[in-house]
Amino acid sequence: MPDWYLQPGDTIERVTLHEEFGGRTQGGIGPSSKSGNVFVFTDPASGEQYGYIDTWRDDGCFHYTGEGQRGDQQMKSGNKAILQHEQDGRALRLFTGARGTVRYEGEFDLDTDQPWYTTDAPEVDPLQTRSVIVFRMRPKDVPAKPPKSKLDAVAGEPGVTEVPVEEQWTEKAFVNPSRDLFEAERREQKLVREYMTHLERQGHDVCRLKIVAPGEAKPLFTDLYDRTTGTLIEAKGSVKRESIRMAIGQLADYRRHVGDGPKELAVLLPSEPRPDLLALLKSQTITTVWPDRKTKFVSVTAD
């Protein structure tokens, strides 16, 4: 096997690296039997822009999203090579950059307590998400670097926190931050602002809830939480069945984390839904709200 000579901070052309030490010349993970290494290549700024987690976190580990561009990622191929690098007798080596000149960051091992976890990331179809593998890589020959992920600043410890109503704090902003808003989502944002103003004019105290579930990397955010009535509110920019089904599921997810706090659930829609969909919401004990010219907003309770 060729002797390893690179030191942390050294740069090398990726083509030259593979000529000398083997491994795949393309992609983010390059296992090599020629030199007993697993090479991992990352571009943290680009990765996080697209909802990937490739960055130092406040746990002292470098979190690295595995390979597989379509569908849920599986523990095979390069991902399996990372997971089994130690038992295969290979060194796990991290580089910054994916093509051209790359910088060697050092040798890593997987964290013994939690080597990897899964989280959501965007699919090729921007409307869809998928499950991706994230490895927790702990440095062996270099000190951990300061955390750079906005998740550390925003997510925090597991639990439920009241936060201001800010547009940039959305679940989509963490799962797929580079995606443009669709028209239904723009309507949804406008609807949330109008309803918040309506509630505040009635003297209600309104905020949002940030939910960090145990073991989850990314936070959840409710659209609105009416403190005065104890109502969790999920807004949708469309009255189609798929949107209403999704709203029901989201409210159920939020409520199980929030516990006994919310007294009511409500779905905020841009217009009156079809009778069967209104009946669906009633069957789940969910109030339906939509704008009306005369009364500002119509509210149909689940009773």
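The values are calculated or read from the model by the stated rules, or taken from the named source; none is laboratory data. Every value quoted in this text rests on a predicted model; they were computed, and no experiment measured them. With ideal geometry, Cβ positions are generated from the backbone for all residues, glycine too; neighbour counts draw on all protein chains shown.
Observations, loosely collected:
- Checked against (1) crowded, with 19+ Cβ neighbours inside 10 Å; (2) under 22 Å from the mean Cα position of the chain (by Cα), V102 passes all but a single condition, namely (2).
- Residue in region 264-274 that is without any contact (Cβ under 8 Å) to a residue 24 or more places away in the chain and of a type outside the set (S, T, N, Q) present: no
- Only one of the numbered conditions (1) at pLDDT 95 or above; (2) outside any strand (DSSP E or B); (3) basic (K, R) is not met by K148, and that is (1).
- Test: residue in region 48-65 that is touching a helix residue (DSSP H, G or I) at 6+ places or on another chain (Cβ under 8 Å) and over 20 Å from K218 (Cβ atoms): no
- L94 being modelled with pLDDT of 95 or more, part of a helix (DSSP H, G or I) and not assigned by TED's automatic domain parsing to the domain that holds A217: no
- Residue within region 245-257 that is outside the structural domain of V132 (by TED's automatic domain parsing), closer than 18 Å to P164 by Cβ and hydrophobic (A, V, I, L, M, F, W, C) present: no
- Residue in region 209-225 that is under 16 Å from S271 (Cβ atoms) and basic (K, R) present: no
- Here Y5 fulfils each of the conditions (1) over 18 Å from N79 (Cβ atoms); (2) in the same structural domain as F62 (by TED's automatic domain parsing); (3) of a type in the set (S, T, Y) apart from (2).
- Residues considered: A45, A121. Of these, the only one that is modelled with pLDDT under 85 and assigned to a strand (DSSP E or B) is A121.
- Residue in region 235-242 that is touching a Gly at 6+ places or on another chain (Cβ under 9 Å) and surrounded by fewer than 21 Cβ atoms within 10 Å (Cβ to Cβ) present: no
- Here region 1-33 is the region considered, the condition is being of a type in the set (S, T, Y) and in a strand (DSSP E or B), and the residue that is farthest from T101 (Cα to Cα) is S32.
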